[in-house]
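First up is the structure itself, then whatever we jot down about it.
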Amino acid sequence: MNSLSILASAAANSEGFEGLSGALLLMAIGMFTVFIVLLLVIYVGKCLILFVNKFVPEEVKEAPKTASFASVQAVDAVTADIIAKAVNTLTGGKGKVESIKKI
Amino acid sequence: MDILENIYGMTAIGKLIADPSYIVMIALGFVLLYLGIKKQFEPLLLVPIAFGVLLANFPGGGLGVIAADGEGCVEYLKNGVMVRQNIYEDMTIPEIAHDLGIMNMLYYALIKSGLLPPIIFMGVGALTDFGPMLRNLKLAIFGAGAQFGIFAVLIVASQCGFDMKEAGSLAIIGGADGPTAIFTTLKLAPHMLGPIAIAAYSYMALVPVIIPLVVKLTCSKEELSINMKEQDKLYPNKTEFKNMQALKILFPIVVTTIVAIIVPDAVSLIGMLMFGNLIKEIGNSTSRLFQTASNGIMNTATIFLGLCVGATMTVDAFLNLKTIGIVAGGFCAFGLSIFGGICLAKVYNLFAKKKINPLIGATGLSAVPMASRVANDIALKYDPKNHVLNYCMSSNVAGVIGSAVAAGILISFLG
């Protein structure tokens, strides 16, 4: 009996997964499936990135709305964006970043 | 004198003296409370579990969960007569509350029905950020390597007196994910729920001890000194992100679809995880749902889950050899999962130009974000400039998906 037919018969009946051979078979199926699912997640994720970059390219920029021009000069735009988002989350949208100074 | 005897009979003192095993369980409850309150080991869950253990083991309190046997029947005293009834077919929820007490009602309505673990996964999803994973997608594969412990312990446990369903429930502790462990155990071996939940959450709480131990035994100083940012400078990631928010909204929808097609039994967990994440990422228009899922519902579910799981740890269910096997097997599963992730990273380094710090493999567990924080601390000890947190979060979040898929496979083939 080849491995595929063992798998098919075992899958048809959970009683097939008994003893050492059943546990080894389940390990092979389990690890293989987990790898396949995560590989799919990786490659589908890459496809999604390409799709979004091509069809929905506008990045929502929240930092300029909340962070002042002076703050953007003090730190780079990405850092200002992160600080503004953190303040926004912590204060439930009530807080506003007016200036950022490097100490 | 009769009055004194009646008063003595009213108290639990006589029963505690007659059966000291209650005292052992109460002491265990105190130890767990100490670990949760003083040592801060996962207090949000350990404190309700520990208090549930206490409530269940005060003789006469009637708060211990009565486990149904293989036929779904429970035996209990009703008006002084021992009654045997099928709890699923012959008893309504109000009858369970009346005859068996409030804790049994909560257990059979919320836990045994499999309701709470997916609800908690929804809350976990709402608190999870897939951003680091999307920025370092390749590292997500280490979330697969760290599921090794689950299947390795499945093999060992199946040869040590556990039947396959029990072995599967024990092995899933290696996924380092409490709700997944509970969900799988409910489907495969519900009689082992108490000890497995305790073992799973205890080892999750011990991540700061177990990961450094396994890393110390398996990794060299050179490997742990691999600086990920320097590797990024040498081999830069060319992926450009033009709209991260749109990507984060699409990601949970697409992943749910993939998992639902490949492992339908994992959808209860992954689906709810991704739903929780989706309502977070959509932003303002679903912020009320996000707030409720991540606070109100999550906290309510955690309280009831903890108390009910603790209440399953009665003297009969806990003080036996199988429990010792579960505690030992769970530790092995946990350690082997970390080892599996590290090995995958080492194998990857044999073939890849861009080296990976093995700590990223070690964090392929589902214990988010504690595993990543611990790994970051270890990396900083070897190189104060080597901040690996973001890289570890990629494999760590992938570990949540990986362990849910592994659970789905176990349920699918053994359930």
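The values are calculated or read from the model by the stated rules, or taken from the named source; none is laboratory data. Computed from a predicted structure; not experimentally measured. No Cβ is skipped: glycine too gets one built from the backbone with ideal geometry, and neighbour counts run over all protein chains shown. All accessible areas refer to the heavy atoms of the entire protein, side chains included, with ligands and DNA or RNA removed. Shrake-Rupley method; radii C 1.70, N 1.55, O 1.52, S 1.80 Å.
Residue check: residue B:317 meets all listed conditions (1) touching a Lys or Arg at 6+ places or on another chain (Cβ under 9 Å); (2) over 27 Å from residue A:32 (Cβ atoms); (3) assigned to a helix (DSSP H, G or I); (4) open to solvent by 20 Å² or more (accessible area, probe 1.4 Å) but one, namely (1).
Conditions (1) more than 9 Å from chain A (Cβ to nearest Cβ); (2) at pLDDT 95 or above; (3) more than 24 Å from residue B:275 (Cβ to Cβ), marked per residue:
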{"position": "B:116", "(1), (2), (3)": "yes, no, no"}
{"position": "B:121", "(1), (2), (3)": "yes, no, no"}
{"position": "B:129", "(1), (2), (3)": "yes, no, no"}
{"position": "B:132", "(1), (2), (3)": "yes, no, no"}
{"position": "B:150", "(1), (2), (3)": "no, yes, yes"}
{"position": "B:158", "(1), (2), (3)": "no, no, yes"}
{"position": "B:165", "(1), (2), (3)": "no, no, yes"}
{"position": "B:178", "(1), (2), (3)": "yes, no, no"}
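In the set (1) modelled with pLDDT under 85; (2) assigned by TED's automatic domain parsing to the domain that holds residue A:17, residue A:80 fails one condition alone, (2).
Mind counting the residues in the range B:227-243 that are in contact (Cβ under 8 Å) with a residue 60 or more places away in the chain and open to solvent by 100 Å² or more (accessible area, probe 1.4 Å)? Here the count works out to 2. The set of residues from the range A:36-51 being within 7 Å of another protein chain (Cβ to nearest Cβ) and farther than 22 Å from residue B:409 by Cα comprises A:45, A:46, A:48, A:49. Condition first: more than 7 Å from chain B (Cβ to nearest Cβ) and under 31 Å from the mean Cα position of the chain (by Cα). Now tell me which residues in the range A:17-31 satisfy that. Hits for the range A:17-31 are A:25, A:28. Just one of the listed residues (B:211, B:279, B:196, B:182) is within 28 Å of residue A:78 (Cα to Cα), open to solvent by less than 20 Å² (accessible area, probe 1.4 Å), assigned to a helix (DSSP H, G or I) and away from every other protein chain (no Cβ under 14 Å), and it is B:279. Answer with yes or no whether residue A:102 is at pLDDT below 90, among the basic types (Lys, Arg) and farther than 22 Å from residue B:133 by Cβ. Against the criterion (at pLDDT below 90, among the basic types (Lys, Arg) and farther than 22 Å from residue B:133 by Cβ), residue A:102 qualifies. Considering the range B:134-148, the residues that are facing chain A (nearest Cβ under 8 Å) and in a helix (DSSP H, G or I) include one that is farthest from residue B:358 (Cα to Cα), namely B:134. Filter the range B:214-223 down to the residues that are in contact with a helix residue (DSSP H, G or I) (Cβ under 7 Å, 6 or more places away or on another chain) and more than 23 Å from residue B:174 (Cα to Cα), then identify the one that is most open to solvent (accessible area, probe 1.4 Å). Ranking the qualifying residues of the range B:214-223, first place goes to B:221.
Test residue B:125 against the stated conditions and say whether it is part of a helix (DSSP H, G or I), modelled with pLDDT of 90 or more, touching a Lys or Arg at 6+ places or on another chain (Cβ under 9 Å) and not hydroxyl-bearing (Ser, Thr, Tyr).
It is true that residue B:125 is part of a helix (DSSP H, G or I), modelled with pLDDT of 90 or more, touching a Lys or Arg at 6+ places or on another chain (Cβ under 9 Å) and not hydroxyl-bearing (Ser, Thr, Tyr).
Annotation note: Cβ proximity below 9 Å between a residue of the range A:18-35 that is closer than 12 Å to residue B:167 by Cβ and a residue that is modelled with pLDDT under 95 and not in a helix (DSSP H, G or I) (sequence gap 6+ or interchain) occurs for A:18/B:163; A:19/B:159; A:20/B:159; A:23/A:17; A:23/B:159; A:26/A:17. Taking the criterion of being exposed (fewer than 11 other Cβ atoms within 10 Å of the Cβ) and assigned to a helix (DSSP H, G or I), the only residue of the range B:74-98 that qualifies is B:94.
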